[in-house]
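Here is the structure we will look at, set down as structure tokens.
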Amino acid sequence: MFRNNYDNDSVTFSPQGRIFQVEYAAEAVKQGSVVVGITSKTHVVLVAVKRNAEELSSYQKKLFPIDEHVGIAIAGLTSDARVLSNFMKQQSLGHRLTYGRSMPVRSLVEMIGSKAQTNTQHYGKRPYGVGLLVAGVDESGPHLFEFQPSGMTEEMVAFAIGARSQMARTYLEKNLDKFASCGREELIAHGLKALKESLVQDKELTVENTSVAVAGAKSKDGGAKAEPFKVYDGQEVNAWIESVADEKEAAAGGESGEGMDVDA
Amino acid sequence: MDHRPQAWGRPRDDVYGAYDHSYLQQSGPKTATQSPVVTGTSVVAIKFKEGVVIAADNLASYGSLARFTDVKRLRTFLGTSVVGFGGDVSDMQWLDRHLKELAIDEAYDQEPTAESAEAAAKEGLNAANLYKYLQKLMYKRRNDFDPLWNQILIAGLDEDDKPFLASVDLRGTSFTSPSLATGFGAMLAQPIMRLHAATEEDAAKLTREQAVEVVKECMKVLYYRDARSLDRYSIAVVTKEGIDLKEDEQLEKQSWAFAERIKGYGTQTV
Amino acid sequence: MTSIGTGYDLGNSIFSPDGRNFQVEYAVKAVENGGTSVGIRCKEGVVLAVEKVVASKLLKPGANKRIATVDRHLGVVYSGMVPDGRHFVDRARDEARAWRDTFKSPIPTADLASRMGGYMQAYTLYQSVRPFGITAIVGGFDSELESPVDGEVGQGPSVGAGGKAQDKDYGGPFLYMIEPSGLYWGYYGAATGKGRQAAKAELEKLDLNGDGAASLTLEQAVKEAARIIYVAHDDSKDKDFELEMSWISGTNGPTKGKHQEVPKALREEAERLAKKSLQDSDDEDDDKKEDDKMEE
């Protein structure tokens, strides 16, 4: 039987110029439950489905605050995510202490990118087995980045990673043009709807398994203050879940729901 | 006479006395800078409605010698802030190089979707951020017992585009005020500036022309009284529109008539 | 491939009996899969351009830059594995900073290319690392002026600092391309990545080293770079792409000696012309395109 000799470590190129260990690490991301992120001109939201190992165990958290202005959603190895999360917290806090401002989200993301790249070029190291969506607001507004185990980081308008996330991405691509002008509540609703696309057949969004996080930029004219990154769980997300559930039923009734709640 | 090889080429103890080892200490605590060497004198600055005016003369003194007369003590940062240096000139040069590197680093992270380079710079480090950074830097150096022997004024705008002015010194002491002056200026120029802008509200009423006039007046008074000053100076105005920096200005309308009336010093007999 | 199954291609820094390092050759394969990068050096400056294949509609347009500034007067673009490219840029910035610390002046382009060539080569020497999966194009404009020392406070003697011979040119535009092996050369026009064959063919048609009046201006070079990226782009294989371009002129040119992104207006004009010239030559060019594909 043919055996692939080129996939034992991350310092060996295949004859096609691929590094299989890195590609396998990317597979680990697909094992994690799905997370979705979307940006508008004013806000960035993350939504996630949490999983529990068994009926009586608690749910694994998916969304984490890093600093006042930025947070992450994770898919893949949770313990690898914790390493990156701690690193990001240190960098972000250090920046706040020395310059008295929020660290630009791009700089923060590029730092974990570089950190992850090193793991793909040295023997004895392994790539991180986790993908992240990094959401935050800074002086230039709201941002959403995707981080991959290869060290690749890219800024997105909206994105989804994790198990069955292709369905969520299809939803996002379909509605891409609407996001920019969305209000806070509208954006969350889109996030939850994208999330639902990726659920397995008879699974539903519940207050137990759903997490939502939001951050808002300060308005350019100084009117609105920045909304700090905050994660919502449990009963706090009930209204949002119900709002998208209603809509589905309404849609089944023939009309697609246009009467969405717009943030005042 | 000592003929041992160890003594070859050394001053003879019997002629010059024993070598004084205190000049080259082998033991005792390690010491860094104990005093400045080539120095710049006052920096003065005042806020006005839309920005800040800052000035410093072009002299670097070596003790009481007017050693360099074309020294630029106002430095720009990212085209949005001005830093004015008093104190040791070589430490200022070190800081200037350090800030240049910081500015280059900062430019790497510019927001790529910004409309223009200028717009991107506005999203970069502002004067308030720079102040915080210098404050940490100066305080760290003093805790290392290796201070940068300077008093620094930082002029620019804060995150809300409001005028910003602050001071940091070699001890890491830092504060802000509607008007600030270092060195001799703290005694001679500060009271003059307070006449025009005692509070933030007063400063917000000043026009650009008024503020420039006050600073020029201060530079003149300092030149009259500060023996380590010069009548050639640099002046910068920082506003939203950017920095207007002039580095070779001449003090105008000097009048030394008052000198005639000074009695009681030196060799005067009358 | 003859390398496969021999065992000589399973570790970095291993020579095969005929003196080849297969892992380095495989790294080159990674480069050949990446979007095309182009660099043009003309008398007035340097232009860098890259074809960014848009892999997903969800990417934020214009936000993910691939051309990086290394020092004020230096730019880098690369084809291949993007995270490796980022690492390369980080290191180049460290080198530029270290040079400033030591010499109190900006690093000459040639020296940066040398340092980075050495760095890439070091990653071919050990079994414990792998080579870089990128080929980088480094462009810079070394100041033609008597450049002040960093941190300098006065003018010094008015008779001039001296040390420069008269009637001799200093500084100028420079372009280098560094490969995964660490090999680097200076170029008038350089291309790497997927569409390098077509791009090279186009570059060779330009008058880049000419002393004559025909030699390219910087603005023409921008337009040529855009056109070449469009020519090199393979519509049938790849989806959409974004064109990113930067330039560096001398002190008296449009960028005042700095490495900057080409202004939007000029880039769009260059793209418009590129598309037009592509349409115009579509019919005549059909046969030639077939040839290019054969080579790939």
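Every number in this text was worked out from the coordinates using simple rules, so none of it is lab data. Just so you know, these numbers come straight off a predicted model, no measurement behind them. Note that we place each Cβ from the backbone using ideal geometry, even for glycine, and neighbour counts take in every protein chain shown.
Observations
- Ratio of Rg to Rh over chain B (Cα coordinates, Kirkwood Rh, two decimals): 1.12
- Adding -39500 (n - 2.57) for every DSSP H run of four residues or longer, then dividing by how many residues chain B holds, sets the calculated 222 nm ellipticity at -9500 deg cm²/dmol.
- Cα extents of segment A:19-251 along the three principal axes, largest first (Å): 55, 47, 34
- Debye intensity ratio in log₁₀ form over the Cα atoms of segment C:168-280, taken at each q of 0.12, 0.14, 0.19, 0.22 Å⁻¹: -0.48, -0.66, -1.22, -1.52
- For segment C:56-143, the equivalent ellipsoid derived from the Cα gyration tensor has semi-axes of 23, 20, 10 Å, listed largest first.
- Shown is the FRET efficiency for C:SER105 and C:ARG272, computed with R0 = 41 Å from the Cβ-Cβ distance and rounded to the nearest 0.05: 0.55.
- Per-selection Rg to Rh, segment C:173-232 - Cα, Kirkwood hydrodynamic radius: 0.98
- Across peptide C:256-268, the average count of Cβ atoms from other chains found within 10 Å of a residue's Cβ is 1.
- Kirkwood-type radius of the protein assembly as shown, with distances r between different C-alpha atoms, in Å: 30.7 Å
- Mean separation of Cα contacts under 8 Å, 6 or more apart, over the residue count of chain A: relative contact order %: 25 percent
- Taking the C-alpha atoms of segment A:1-152, convex hull volume expressed per residue in Å³: 145 Å³
- Entry note, chain C: the mean residue ellipticity at 222 nm calculated from DSSP H runs of n ≥ 4, each adding -39500 (n - 2.57), is -11000 deg cm²/dmol after division by the residues and rounding to the nearest 500.
- Against chain B, whose longest principal axis is taken from its Cα atoms, helix B:208-225 shows a tilt of about 20°.
- Take each residue of peptide B:66-77, count the partner chain Cβ atoms within 10 Å of its Cβ, and average: the result is 2.
- Note on segment A:164-242: along the principal axes its Cα atoms extend 46, 30, 17 Å, ordered by decreasing extent.
- Considering only Cα atoms, the convex hull volume of segment B:58-203 works out to 127 Å³ per residue.
- Cα gyration tensor, segment C:1-59 - rounded (a/c under 1.5), prolate or oblate: oblate
- Once C-alpha pairs closer than 8 Å and six or more residues apart are averaged by separation and normalised to the residue number of chain C, the relative contact order reads 26 percent.
- Shielding by partners, peptide C:62-70 (average Cβ within 10 angstrom, other chains): 4
- In whole percents, the pair-distance distribution calculated for segment B:144-205 from its alpha-carbon pairs, binned every 5 Å from zero, is 4, 17, 22, 25, 16, 10, 4, 2, 0.
- Chain C: C-alpha gyration tensor shape, a/c 1.5 cut-off, then a/b vs b/c: oblate
- Taking 18 Å as the limit for the C-alpha separation, the pairs A:LYS30/C:LYS52; B:LYS49/B:LYS253; C:LYS52/C:LYS275; B:LYS47/B:LYS205; A:LYS41/C:LYS60; A:LYS50/A:LYS193 exceed it in the case of A:LYS30/C:LYS52; B:LYS49/B:LYS253.
- Here the average projected area of the convex hull drawn through the C-alpha atoms of segment A:1-76 stands at 9.3 nm².
- Hypothetical label at B:ARG10: residues of segment B:25-53 whose amide nitrogen lies under 19 Å (7 Å Cα-Cβ projection): B:25-27
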